[in-house]
1. Short version: what are the Cα gyration tensor semi-axes of region 42-137, square root of 5 times each eigenvalue, largest first, in whole Å?
2. Determine, for 33, 128, 135, the number of other Cβ atoms within 10 Å of each Cβ, and report the residues in order from fewest to most.
3. How high is the FRET efficiency from residue 122 to residue 74, r the C-beta distance, R0 30 Å, rounded to 0.05?
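Any read-out appearing in this document is the output of simple, stated calculations on the displayed coordinates, not a laboratory observation. Bear in mind the structure is a predicted one, so any value in this text is a computation, not a measurement. Because the Cβ atoms are built from the backbone with ideal geometry, glycine has one as well, and the counts that use them run over all protein chains shown.
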C-alpha cells in the first residue's frame with residue numbers, strides 16, 4: 001500500500017513538471033504583437049557614446065536581472081519567470097525596429113513589467129534601446 005501511494009505521488013509530480021515545461025514552452029512562442037504606429041516610431045535620441053552609456057546604466061538597474069548582462073536572457077531571475085526573457089544578441093531580436101523595442105519596454109507584457117512609470121523620461125527609454133543595439137553577437 002505504501003509503495004502504491006509513493007508511485008501515485010511520483011506520477012502526479014512528473015505530470016505537473018511536464019505541464020509546467022509545456023506551459024513555459026508555449027508562452028515562449030507566443031508572439032508579441034506591436035501596433036504599426038508604435039513599430040514605425042523613430043528613435044528620438046541619436047545613438048552615440050553618451051546615449052549608449054546612459055542606456056547601459058538603465059539596463060544594469062532595470063533589465064539585467066532578467067535579461068542578463070549581455071542580453072542573452074540568462075539573468076539571475078530568468079529561471080523564475082513564466083515567459084522567456086529573450087535573447088537580444090540574436091538576429092531575430094535585432095531585426096525588430098527601435099519603435100518595437102520602445103513599445104515593449106514602455107508597455108510590458110506578462111512577466112515583462114511596464115517601465116512607463118519607472119523610466120518616465122522617454123529619452124531614457126530611447127537610450128536603453130540604443131544600448132540594446134550593442135548586444136549583437
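1. 19, 15, 13
2. Ordered from fewest to most neighbouring Cβ atoms within 10 Å, 33, 128, 135 come out as 33, 135, 128.
3. So, using R0 = 30 Å, E works out to roughly 0.60.
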